[in-house]
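Structure, as structure tokens:
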Amino acid sequence: MAEVRNIRVNQDRLWDSLMEMAKIGATPKGGCARLALTDLDKQGRDLFVQWCKDAGCTISIDRMGNIFARRPGKNNDLPPVVTGSHLDTQPTGGKFDGVYGVLAGLEVIRTLNDHKFETEAPVEVSVWTNEEGSRFAPAMVASGVFAGVFTEDYGLSRADMDGKTIGEELKRIGYFGDQPVGGRKFKAFFEAHIEQGPILEAEAKTIGVVQGIQGIRWFEVTITGAESHAGTTPMNRRKDAMLGCARIVERVHQIALDHAPAVTTVGLVKVMPNSRNTIPGNVFFSVDLRHPFDDQLAVMTEELHAACAEICGALGLQYECKEIWHSPATHYDKDCVAAVRKAAEESGYAWRDITSGAGHDAGYISRVAPTGMVFVPCADGISHNEVEDAKPADLAAGCNVLLRAMLEHAA
Ligand SMILES: [Zn+2]
């Protein structure tokens, strides 16, 4: 049997698989549009499942559509060492966000097969349903159900803009599995992911040893004013919901600047009736607040509520500001973080500790299993964009680190 430290993943095979998966939902600008539980998501899932079966894995699927591909170990009574991420993308997403973590897991299994390496514990690759939260809010809902953060009923009943639910769509594409969601023990969980930020590239580091994830709070704000004629309504008699929205957007931006390194975004706005010569009577918009520390995030939340009250009050508008999701700051397991750092060190890669700016399935899984993450650089730190790019050598490096960190727990 091969020595653990001599084993390396196959860079070309990993890259080819990424490019093959990227054909499903490929966009003209070189990205991917494979929204959760669409026909394209089904095609991506089917391809992954076929590849895993070809690699000798058994497949199980739970009632949230999470997929687990299992490579048996010598002792199958041991809980598995699990890796994975997601296959769904943003509407104008890239080829690597999520997909890399799934296919890096598959490459780990293929590499173990190449070397006929038998692990003590079983090894599994997971695909988590609807990570992006683009079609169905909230994001990471299925790993959240797995970790007991949400109930299964809540997860299955999340609906898209057309009213179609996760449960209905899972059944339609044949991924409503028979396994219960969660309640399983993992020996450890690792997720490999592109950084989705500019830090590693700027510092010429190949590996980010992820310490945790900043806290995230999502709000939905509805402002109600009064629709009236754009030409005949004097400025002092208007109840313009869009003006209230615009002023709150400005304030949301300021909240981030006042609480560095916070980040805040208003990314979704629906103006009603959305007509150029009618004063908007109703505006619905999202607010995304993030900070590495929960106490600061709480202060930011109070400032958002205060801004809504003050701005809408002054304009004579009614409003509702509802929190729809709160993901507290996550701190990963110290042994898993150490295993990633050691793997990077022993492989000879330049590395640094890093905190994730984005949410990840690993954040929820860390509530029920010892968890760590591996980051690799992406071009200009750009993600959630069709131009998202990463270097084959960096992706292979992250996969080598993933392999070693997993073997540290499974060998
Ligand atoms: Zn992702």
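The values are calculated or read from the model by the stated rules, or taken from the named source; none is laboratory data. Everything quoted here is computed from the prediction, not taken from an experiment. Ideal geometry is used to build each Cβ from the backbone, glycine not excepted, and the neighbour counts take in all protein chains shown. SASA here: full protein model, heavy atoms, side chains in, ligands and nucleic acids out. Shrake-Rupley method; radii C 1.70, N 1.55, O 1.52, S 1.80 Å.
Which one, G144, V125, F96, is farthest towards the positive end of the dipole of the stretch 89-183 when Lys and Arg carry +1 and Asp and Glu -1 on their Cβ?
Farthest towards the positive pole: F96.
Pull out a ≥ b ≥ c, the square roots of the eigenvalues of the alpha-carbon gyration tensor of the stretch 1-109, then state rounded if a/c is under 1.5, prolate if not and a/b is larger than b/c, and oblate in the remaining case.
It is oblate, given that a/c is not under 1.5 and a/b is not larger than b/c.
Sorted by mean Cβ packing within 10 Å, highest first, what order do the peptides 359-371, 216-228, 327-339, 265-277 take?
359-371, 216-228, 327-339, 265-277
Pairs to check: K164/K185; K29/K334; K53/K391; K74/K334. Give those whose C-alpha atoms are more than 30 Å from each other in this structure. Display every interim value, and only then the final one.
Numbers: K164/K185 32 Å; K29/K334 40 Å; K53/K391 28 Å; K74/K334 26 Å.
Beyond 30 Å: K164/K185; K29/K334.
What per residue convex hull volume, in Å³, do the alpha-carbon atoms of the stretch 298-411 yield?
Value for the stretch 298-411: 157 Å³ per residue.
Using helices alone, what [θ] at 222 nm do you get for the chain, with -39,500 (n - 2.57) per DSSP H run of 4 or more residues, divided over all residues and rounded to the nearest 500?
Calculated at 222 nm, the ellipticity per residue is -11000 deg cm²/dmol.
What order do you get for 82-89, 174-181, 70-77 when each peptide is scored by the mean count of other beta carbon atoms within 10 Å, highest first?
Details: 82-89: 29.1, 174-181: 16.4, 70-77: 14.4.
Descending mean neighbour count gives 82-89, 174-181, 70-77.
Helices from the chain with mean Kyte-Doolittle at least -0.5 and a Cα length along the axis of 30 Å or more, per DSSP H: which?
Result, helices passing both filters: 294-315.
Roughly how many Å² is the accessible area per residue of the chain, as a whole number, for a 1.4 Å probe?
On a per-residue basis, the chain sits at 41 Å².
Highest mean first, how do 159-170, 283-294 rank when packing is the count of other Cβ atoms within 10 Å averaged over residues?
With the highest mean Cβ count within 10 Å placed first, the list reads 283-294, 159-170.
Could you tell me the distance between the Cα centroids of the stretch 136-204 and the stretch 323-345, to the nearest Å?
18
Taking 7 Å along the Cα-to-C-beta vector as the label spot, tell me the S275-T92 distance in nanometres, rounded to one decimal.
2.9
Quick check: at a probe of 1.4 Å, how many percent of the accessible area of the stretch 85-226 sits on carbon and sulfur atoms?
Answer for the stretch 85-226 is 48 percent, counting heavy atoms of protein chains only.
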